[in-house]
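Working notes for the structure below.
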Amino acid sequence: MKFSVLALDYDGTIARDGVLDPEVRAAIAEVRAQGLTVLLVTGRTLSDLKKVAGDLGFIDAVVAENGAVLYFPNGHTRFSVIRHPRSSLQSCAVAESLIRPASASWNRTPHQLRRS
């Protein structure tokens, strides 16, 4: 199976008590080097996520605030999709444009990524 996007939940999945292990960052960097787009998904507000995760440049995009905000760490695009359904569709189109063909396999835990 070919994947082009890897979406990861932050709290309790890749982070413990709000802290992201350096090994997880390294695994994410490896996946991105293989051409996968990595999304970080969280219910946190974007400002709170930045406080606990620091620089978000280690991922391609963030879906924050329970889906209300789509943020790109490159600073070029930020959408709030709470008010207008049309904005949601535009956000999806932008996110889709980030997708690149790639393949990856998921091992049993989110901390162990391996090449297929």
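Some notes on this structure:
- Boolean, Arg44 is among the basic types (Lys, Arg), more than 22 Å from Lys2 (Cα to Cα) and modelled with pLDDT of 90 or more: yes
- Odd one out for Gly75, checked against (1) out of contact with any Phe, Trp or Tyr (no Cβ under 6 Å at 6 or more places or on another chain); (2) small (Gly, Ala, Ser); (3) surrounded by 15 or more Cβ atoms within 10 Å (Cβ to Cβ): (3)
- Residues satisfying the stated conditions in the stretch 1-11, i.e. outside any strand (DSSP E or B) and over 15 Å from Leu49 (Cβ atoms): Met1, Lys2, Ser4
- Within the stretch 52-71, the set of residues being assigned to a loop (DSSP other than H, G, I, E, B) and in contact with a helix residue (DSSP H, G or I) (Cβ under 8 Å, 6 or more places away or on another chain) comprises Ile59, Asp60.
- Scan of the stretch 12-47 for residues that are assigned to a helix (DSSP H, G or I), touching a residue at least 12 places away in the same chain (Cβ under 8 Å) and either in contact with a Gly (Cβ under 8 Å, 6 or more places away or on another chain) or of a type in the set (A, V, I, L, M) (or both), ordered by number: Val24, Ala27, Ile28, Ala29, Val31, Leu46
The values are calculated or read from the model by the stated rules, or taken from the named source; none is laboratory data. The shown structure was predicted, so the numbers you read here are calculated from the model rather than taken from an experiment. Quick reminder, even Gly has a Cβ in these numbers, built from the backbone with ideal geometry, and neighbours come from all protein chains shown.
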